[in-house]
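The values are calculated or read from the model by the stated rules, or taken from the named source; none is laboratory data. What you see is a predicted model, and the numbers here were worked out from it, not measured in a lab. Don't worry about glycine lacking a Cβ; one is built from the backbone with ideal geometry, like all the others, and counts go over all protein chains shown.
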Amino acid sequence: MASLPENDTDFHAARRASDHESFLVHRRMRWAKVAGALCLSAFLGYFLIDQQPRPNGGSWYGYTLGTIGLGLIVWLSLLGVRKRNMSEGRWSLKAWTSAHVYLGLSLIVIGTLHTGFQLGWNVHTLAWALMMLVIVSGLYGVAVYVLLPGQLSANRKETTRAQMIAALAAIDRQLKHAAQPLGREQSDLVIAALEQDVFGGGAWARLTGRYPNCATRRALCGLPDDFRTMADNTGPEERVRVLLRRRDAQLGQIRRHLRLKALLEVWLFVHIPATIALLAALFAHVTSVFYYW
């Protein structure tokens, strides 16, 4: 039995260490070891069975792996329900997530061995394909949750999204005032930049971070860039140019934030619907198996 912390200081130190521990290495990768043992057992059971033809989904071993796989899939799909009930201890959210990842990966072995490598155009293969889609999208989710939060934090520079937008609004107020002495053509470019939706551009622009129709950059290109003397660089055009550069930089920070957030969330638009479709396909798979058994 593990020893308990001797005092409050030890308890809080242990608590802080647990809070900073990644779900991938939770409890010394306990669930990775469990999943590895499960996969090894499935492999040994499949290849050591002296049976011809080799075990498939219709054999006793296939039914055993199918039952284990079905139970795992249903249990793993309950993670969303678990997130709504926060608690600590053995089945904390971190422990559940760690189990979700590693046991989910074990389904690659369990599910594939269950098929006996007999795949075709039927509902059984559809269930296997959907399972693989769920696992692959989940792997992407794990990767971005490990890699992107640090980039997101570095891009924010200790500011919130609201503060980034407020900084842009402050630049816009200065830009609106500074652009008043400009000519009609240059003033229209600035007005178009100010009126363009910061969050526009569509899903593809948000995911890629590319905004080819950025009105702010178009306004920068539209202002003459004449640096003959220092006196030329103190007029209203130079003031507007400086503010447009600041606006472009602030837009870049906001758009990087939006892109990183989108990359963190986009996988869920595949993972969740694919999980629902998988459960439906499994119902059809199990029903058909027992109907024709």
Residues satisfying the stated conditions in the range 95-110, i.e. in contact with a Gly (Cβ under 9 Å, 6 or more places away or on another chain), hydrophobic (A, V, I, L, M, F, W, C) and in contact (Cβ under 8 Å) with a residue 60 or more places away in the chain: 95, 101, 105, 110
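In the range 51-63, how many residues are part of a helix (DSSP H, G or I) and surrounded by 15 or more Cβ atoms within 10 Å (Cβ to Cβ)? Spell out how you get there, then give the answer.
Residues of the range 51-63 part of a helix (DSSP H, G or I): 60-63.
Filter once more, so that each one left must be surrounded by 15 or more Cβ atoms within 10 Å (Cβ to Cβ): 61-63.
Residues flagged as part of a helix (DSSP H, G or I) and surrounded by 15 or more Cβ atoms within 10 Å (Cβ to Cβ) within the range 51-63 amount to 3.
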Of all residues in the range 125-159 being under 17 Å from residue 25 (Cα atoms) and aliphatic (A, V, I, L, M), the one that is nearest to the chain's Cα centre (by Cα): 144
Residue in the range 227-235 that is assigned by TED's automatic domain parsing to the domain that holds residue 258, modelled with pLDDT of 90 or more and part of a helix (DSSP H, G or I) present: no
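Conditions (1) without any contact (Cβ under 8 Å) to a residue 12 or more places away in the chain; (2) in contact with a His (Cβ under 7 Å, 6 or more places away or on another chain), marked per residue:
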| position | (1), (2) |
| --- | --- |
| 112 | no, no |
| 118 | no, no |
| 124 | no, yes |
| 161 | no, yes |
| 170 | yes, no |
Single match in 48, 70 (criterion: within 20 Å of residue 127 (Cβ to Cβ) and either surrounded by 10 or more Cβ atoms within 10 Å (Cβ to Cβ) or at pLDDT 75 or above (or both)): 70
Residue in the range 264-285 that is at pLDDT below 95, touching a Lys or Arg at 6+ places or on another chain (Cβ under 9 Å), within 28 Å of residue 166 (Cβ to Cβ) and part of a helix (DSSP H, G or I) present: no
